[in-house]
1. Sort 164, 367, 38 so the one with the fewest other Cβ atoms within 10 Å of its own Cβ comes first.
2. Exposure proxy check: 191, 371 ranked by fewest other beta carbons within 10 Å?
3. For residue 191 and residue 147, what does the FRET efficiency come to when R0 = 25 Å and r is the distance between their Cβ atoms, rounded to the nearest 0.05?
4. Quick one: of the DSSP bridges fully inside the chain, what percent are antiparallel, nearest 5?
5. Please give, to one decimal in nm, the separation of the simple spin-label points placed at residue 103 and residue 117, each 7 Å out from Cα toward the Cβ.
6. For the pair residue 385 and residue 136, how long in nm is the line joining their label points, each one 7 Å along Cα→Cβ?
7. At q = 0.19, 0.20 Å⁻¹, what is the log10 ratio I(q)/I(0) for the stretch 22-100, with the Debye formula run over Cα points and no solvent?
8. Going by the alpha-carbon gyration tensor, a ≥ b ≥ c the square roots of its eigenvalues, is the stretch 192-247 rounded (a/c under 1.5) or, if a/c is not under 1.5, prolate (a/b greater than b/c) versus oblate?
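Each reported figure results from applying straightforward, stated rules to the coordinates on display, with no laboratory input. These numbers were taken from a predicted model, which means no experiment stands behind them. Reconstructed Cβ throughout: ideal geometry from the backbone, glycine too, with neighbour counts over all protein chains shown.
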């Protein structure tokens, strides 16, 4: 689950991470009131779940009340298009108004899970305020990292070494060490999968602050954080993904024309790969899980059909916990109820597969069957391009 910048900073502050004074506002009048509380200049920031807001005009430095009124009025209700939103962009519903600070240096700090070693790592760079991928490509020597043993957590010596690597000394070095230790505490206790501070600001007064903050939480651990779950902003998510979450389905919308319904994340990834290999493009990632009920299958199919880009559907199921006959039951009901017109290719193996195939054959619906993943992928790509008939 992603958080807005203002939500991330509010959480980090509870762990002792120093952040600028700021208020979330939803009107130009409230923006002016916040600005007058802090004094000018202030920074007006669009709050959407996407990076690159500054380059897209979503971050403005206001030096007067009139500036705040103008910037807030222009941003609220507008569609902000960044490199991460796609061409459609995202509507700005909230702003963060923050005090202006005297910038001396901008650094980069992040915590994330390194899946190669299975441990958290801290990445730090003296080149903050820019895309870290660009830094890693052009000047990799500016990237510093520390591997954190989850059994003991981040050690003080690691924070000190990173602060030295960033060229900090004296009182600022000490503050940076506390800053890093507090960030790790937040990362661990919030069950975050990623915590990024870009930039981490060193002010001319020698303070160390999170000028920006991006926090992504592990969905599988949200049951431990009911207060954080309440921060979810469904306006920032795809409507189809929101609907899928209501039925405990793992769904991510993509840009292709071949819808996929698969049980198991690994099989789902392999299915998308083989669709690409055969010249197609998947319209989604959809893992219905090992124990999906006929009702969930029906809900999943309804979500797939709500995507106007879908030209054909590939159902790839290995019947272990999810029996093939239960899949067939839910699938037949969904196709009949929704009056599906696009072609449906089915490849199924496993428990009760013969019963399931018989149910599909006797349904009166024109399903396309396949025995292997490659055959299924070839047939669905052909069907999506108009080389095959529909399902009903």
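1. Final ranking by Cβ density, sparse to dense: 164, 38, 367.
2. Fewest to most other Cβ atoms nearby, the residues stand as 371, 191.
3. Values: r = 19 Å, r/R0 = 0.77.
Between residue 191 and residue 147 the formula returns 0.85.
4. Given both bridge residues lie in the chain, the antiparallel proportion sits at roughly 75 percent.
5. Using points 7 Å along Cα→Cβ, the separation is 3.2 nm.
6. Calculated label separation equals 3.5 nm.
7. Taking Cα atoms of the stretch 22-100 as identical point scatterers yields -0.68, -0.74.
8. Working: a/c = 3.46, a/b = 2.39, b/c = 1.44.
In terms of gyration-tensor shape, prolate.
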